[in-house]
Amino acid sequence: MSHTQPVDGTVDVVVVGAGFAGMYMVHRMRQAGRSVICFEGGTDVGGTWYWNRYPGCRCDVESLEYSYDFDADLQQDWVWTEKYATQPEILRYAQHVADRFDLRRDIRFSTRVTDAVFDEGAGRWTVTTDDGATTSAQFVVMATGCLSSANMPDIPGRDSFQGELAHTGRYPKDGIDFTGKRVGIVGTGSSGIQAIPVIARTAGHLTVFQRTAQFTIPARNGPLDPAEQAEVKANYAEIVAANKRMFGAFGSRYQRPLRVATETDPAEFRAEMEYLWERGGSLFLSSFRDLMRTPEANQLAADFVREKIRETVTDPETAARLTPDGLIGCKRLVIDTDYFETYNRPNVSLVDISAKGTPITEVTPTGIRCGDTVHELDVLIFATGFDAMTGSLLRVDIRGRDGRRLTDSWEAGPVTYLGLNVNGFPNLFTITGPGSPSVLANMIVGTEQHVEWIAQCLDYMAAHGHDTIEAEPEAVDEWVAHVNAVADRTIFPSCNSWYVGANIPGKPRVFMPLLGFPAYVDKCNEVASTDYPGFTFGRAREAAAV
Ligand code: NA7
């Protein structure tokens, strides 16, 4: 084991996080002959799929498209059972990968990185973990996940609640038994919408506290047809290649001819929407090129879904409360199983906690008070999302050149070059960082692309005798302007979504992901093949002085 455990706390690469990004990073670094250690806060691998154990949790990318591509045998051997994999199945897949490639020997579990400090003289990072140990590394790779820092709202009295309380993103391993209980759930994003129908099946009564109604499309999940799985596996390489040319790096098998909604005959438009509704899934808005570009076009699709909600929910008042205003897909489009149908159950009620309704005033020891009404609860679930994209990076105290803190560099919002590096923080890489397609593309495809780009960059540096790499300030400025310009051609920045940080009080409003996977990959490849313009390479001062 010449290239594994840090005998003296010194390694080539520290990886932070053992989700899909960190796991592949460890594997890829080993293949390259670099010593690597990964720190992970959980007791096992899986990252977001380790923590989000709430009932109904699934991926919104189809299972056949949500797997590593770096090893053809792995891809052929693993058998998915449903069209959209459940969290337990995805976690089993992550564990299988860890076993198969013996990854755990280089991962320190139950260990969180608290801070990382760059020593300019040595050209190295000192990484401190919550067990007090330090590790010296030439490179730090933040594989900390985009949806990993749970957002627990600061509601008065929250900690006084005497029943069971959980956040979907930090769900207890032993689960929660809802049988016959009075359950409350706050939040109707993807997590809430997945959990609500499942909890309703066993709860005595489920009260949903909704601040904003949400657009959601039927997933049409079901068992995976073995013949379909065999066919995809026979053509995996072609499908993956075609997916990488798709806007979100998935769904090439479903590509329909692209049209313009506002120029399509209304009957034809409706027929296409009906087809997409019946087909289900998150490509619901992908048949018309203008739906995410102009509000007028978007409203056509939004009206179609509003009509479906009214058709599905039998009580008109509940239907009205569940019907979103505004644009569809501008906040992340959710896909569901029986979400709206669940409100027809006698044991489910909906409380409007928006400013127009009865906002939550406090959590009491026995429930939630909204105005004059206390909703008595045995279990309280917060499905209130995450401090997305930046939260898990900024909770590590990262100090770069001249002791500058990442929190200071990003005070007005995250700024990166290619979503991979930040000026002032040499040799620190962010996997699926802000400014990269990240959450707007298939996450496994995106993480593999980043890991491979970083691995190639490290080889390049070794071959050219470079110790450090750092994004230039002009390149960062240009990149941030580019990310904004691309977003500004769409409706995305106009909504109060977690893409712009609007869900976290006080977070700077910046559209964080980059739209469009293929053009992004082309740019990354171009940078790598033309001696990395926009990056400065250097020698460590101490090495240079020798
Ligand atoms: P989301 O999509 O951020 O949804 C969080 C939900 O919680 C949403 O309905 C919020 O309402 C609500 N929320 C957040 N804070 C509060 C407070 N303080 N009071 C009441 N309600 C609140 O998170 P998810 O976990 O569902 O999904 C995140 C991503 O994971 C998802 O997009 C997929 O990519 C997977 P709001 O809309 O802000 O009014």
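Every number here is computed from the coordinates shown, using simple stated rules; none is lab data. Just so you know, these numbers come straight off a predicted model, no measurement behind them. When we count neighbours, we look across all protein chains shown, and the Cβ atoms used for this are built from the backbone with ideal geometry, even at glycine.
Rounded to the nearest 20, the Cβ-based charge dipole of the range 1-106 about its Cα centre (Lys and Arg +1, Asp and Glu -1) stands at 220 debye.
Cα-Cα pairs above 18 Å in the range 121-232: how many percent? Beyond 18 Å sits 70 percent of the P(r) for the range 121-232. If every alpha-carbon in the range 243-328 counts as one equal scatterer, what log10 I(q)/I(0) does Debye give at q = 0.13, 0.14, 0.21, 0.26 1/Å? For the range 243-328, the Cα-only Debye profile gives -0.46, -0.53, -1.05, -1.34. Highest mean first, the peptides 381-391, 204-214, 505-515 sorted by other C-beta atoms within 10 Å per residue fall in the order 381-391, 204-214, 505-515.
Let me know the whole percent of all Cα-Cα pairs from the range 37-80 that are separated by more than 12 Å.
Working: 677 of 946 pairs.
Cα-Cα pairs of the range 37-80 separated by over 12 Å account for 72 percent.
Each label was represented as a point 7 Å from its Cα along the Cα-to-Cβ direction; for V374 and A545 these points are 6.7 nm apart.
Length available on full extension from E341 to F109: 0.36 nm per residue minus the Cα-Cα distance, which gives 79.4 nm.
Think of it this way: in the chain, C38, C57, C59, C146, C370, C457, C524 stand alone, with no other Cys Cβ under 4.7 Å. Under a model in which nothing but the beta-carbon of Lys, Arg (+1) and Asp, Glu (-1) is charged, the chain shows a dipole of about 560 debye around its Cα centre.
Phi angles across the range 360-365 convert, under the Karplus curve 6.51 cos²θ - 1.76 cosθ + 1.60 with θ = phi - 60°, into 3J(HN,Hα) values of 5, 9, 6, 9, 9, x Hz, Gly and Pro given as x. Note on Y84, Y236: ascending count of other Cβ atoms within 10 Å places them as Y236, Y84, the fewest first. When the trypsin sites (Lys or Arg not before Pro) in the range 316-424 are filtered for DSSP coil states and for at most 15 other beta-carbon atoms within 10 Å of their beta-carbon, the remaining sites are K356.
With a cut-off of at most 15 other beta carbons within 10 Å, and DSSP calling the residue loop, which chymotrypsin sites (Phe, Trp or Tyr not before Pro) in the range 109-152 qualify? Please list them. Intermediate results must be reported in sequence, preceding the final value.
Details: sites: F109, F118, W125, F139; in loops: F109.
Of the chymotrypsin sites (Phe, Trp or Tyr not before Pro), the ones in loops of the range 109-152 whose Cβ has at most 15 other Cβ atoms within 10 Å are F109.
Spin-label model, N484/A32: points 7 Å from Cα along the beta carbon direction are separated by 3.2 nm. Listed from fewest to most Cβ neighbours within 10 Å, the set S191, S436, S287 follows the order S287, S191, S436. With N as its number of residues, the chain has a Cα radius of gyration that, divided by 2.2 N^0.38 Å, comes to 0.98.
Here, P(r) means the percent of Cα pairs in each 10 Å bin from 0 to the largest distance; for the range 381-535 it is 10, 41, 36, 11, 2, 0. Note on I196, I368, I309: ascending count of other Cβ atoms within 10 Å places them as I309, I368, I196, the fewest first.
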